[in-house]
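What follows is a short report on a single structure.
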Amino acid sequence: MKIFLTGAAGMLASEVIANLKKQNHQVILRDIHQRLPDIDRLDVTDAKEVMAQIKKEKPDYVFHLAAETDVDKCEQQPDHAFKVNTLGTENMALACQRQKIRLLYISTAGVFYGDQKTPYTEFDAPRPKNIYGESKLQGEIIVRNLLSEYFIIRAGWMVGGWEIDKKFVYKIVKQLREGKKELRVVNDKVGSPTFTKDFARNLMTVIDTERFGLYHMTNKGTCSRYDVAVKIVEFMGLSGKIKVNPISSDEFPLPAPRADSEMIRNYKLDLLGLNHMPHWEDSLKEYILTNKDKQDPLREKMPV
């Protein structure tokens, strides 16, 4: 299969691309950031360029991974958020509609308000709490309205890529590597970790069913950021040497409001027998043990 993939320089894409190539798919890589030499430039907000490239390449599928995922940046720059996440997605969907191409759109647990005590399923009504979630939800609505053959897959708290990971797990790892002996971590926000490696492994299992529609795909289990930090310390062999203090999110104000809960359940995958995602603790352990001895540029060796 010939797949046109946007957001190719990102942490999720790195694992998805590797898996697609293992399965002998032809992958055309596009991103506004040309982090690797085999990635050609594409700005998804440029409707004419999107249409031209899709028309030229004639792929069987578009995997639309490109997005502005910086939640605070989205809140501070809503025009940018809607231009990239909503209109950028509309550009891809229109190109797919006109060329009769199937589309995969990666969305987020951030489409939910977060006041539900149990994990959200695909059958719960979305109601975003911030601009990021709203911009991604509007992208979902556009995909549903323009196309009949599509997958929308919502992920949770993304983990992967190690040194290219700008999110929570690697931020904690960096603090530990820098010799920090005490961490202050929010314990009143909960969610569903999603490891890029597991997501990529399970992705084509879902795509190959051709049961088009909306799915959740996160690792099994839910947790707080504090829970994750405690496990990172444990898996890095620093239990008893590092103190992890739980704090309220009120002590760590951010520009964008966060949902109290971003817990989602892979309910449709469960019902279809397609939920092969491991538990987040197992994947975190594998992720840390596999990568913890890697030396980052200009960084000292992990403290012992």
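The chain: longest stretch without exposed GluC sites (Glu not before Pro) (DSSP loop, at most 11 other Cβ within 10 Å), sites themselves excluded? Within the chain, the longest run free of exposed GluC sites (Glu not before Pro) spans 1-177. Helix 131-146 and the longest principal axis of the C-alpha atoms of the chain enclose an angle of approximately 30°.
Do any trypsin sites (Lys or Arg not before Pro) in region 1-45 lie in a loop, going by DSSP, with at most 16 other beta-carbon atoms within 10 Å of their beta carbon, and if so which? Spell out each step's value before the answer.
On the way: sites: K2, K21, K22, R30, R35, R41; in loops: R35.
When the trypsin sites (Lys or Arg not before Pro) of region 1-45 are filtered for loop state and at most 16 Cβ neighbours within 10 Å, R35 remain.
Springs between alpha-carbon atoms under 10 Å, Gaussian network over the chain: tell me which of N91, N266, N145 tops the mean-square fluctuations. Highest fluctuation of the listed residues: N145. Could you tell me how many degrees, from 0 to 90 and to the nearest 10, lie between the Cα long axis of helix 280-291 and the main elongation axis, the longest principal axis, of the Cα atoms of the chain? It is inclined by approximately 80 degrees.
Dimensions of region 98-249 along the principal axes, based on C-alpha atoms and rounded to the nearest Å, stand at 57, 31, 23, largest first.
Taking the C-alpha atoms only, the angle from helix 11-22 to the longest principal axis of the chain is near 60 degrees. For the chain, the share of DSSP beta bridges that are antiparallel, to the nearest 5, is 5%.
Taking the number of Cβ atoms within 10 Å of each Cβ as an exposure proxy, the fewest-first ranking of S192, S239, S224 is S239, S224, S192.
Given a cut-off of 29 Å, name the pairs among K21/K83; K167/K294; K117/K181; K181/K285; K129/K285; K55/K129 whose C-alpha atoms lie farther apart than that in the structure shown. Going by Cα-Cα distance, K21/K83; K117/K181; K129/K285; K55/K129 fall outside the 29 Å limit. Take every DSSP beta bridge whose two residues both sit in region 111-247; close to 15 percent of them are antiparallel.
The calculated FRET efficiency for the pair K241 and D70, based on their C-beta separation and a Förster distance of 41 Å, comes to about 0.80.
Between K56, K268, K220, the residue with the greatest mean-square fluctuation in the GNM of the chain (Cα pairs under 10 Å linked by springs) is K56. The mean sequence distance of close C-alpha pairs (under 8 Å, at least 6 residues apart), as a share of the length of the chain, puts its relative contact order at 19 percent.
Look at where the Cα atoms of region 62-102 and of region 181-223 average out, and the two centres are 20 Å apart.
Here the translational diffusion coefficient of the chain follows from Stokes-Einstein with Rh set to the Kirkwood radius across Cα pairs; for 37 °C and 0.692 mPa s it amounts to 165 µm²/s.
Counting only DSSP beta bridges with both residues in region 169-304, the antiparallel share comes to about 20 percent.
Charges were assigned to the Cβ only: +1 to each Lys and Arg, -1 to each Asp and Glu. The resulting dipole of region 44-116 about its Cα centre is roughly 640 debye.
All of the numbers you see were taken from the coordinates with simple rules; none came from a lab. This structure is a prediction, so every number in the text was calculated from the model and none was measured. Because the Cβ atoms are built from the backbone with ideal geometry, glycine has one as well, and the counts that use them run over all protein chains shown.
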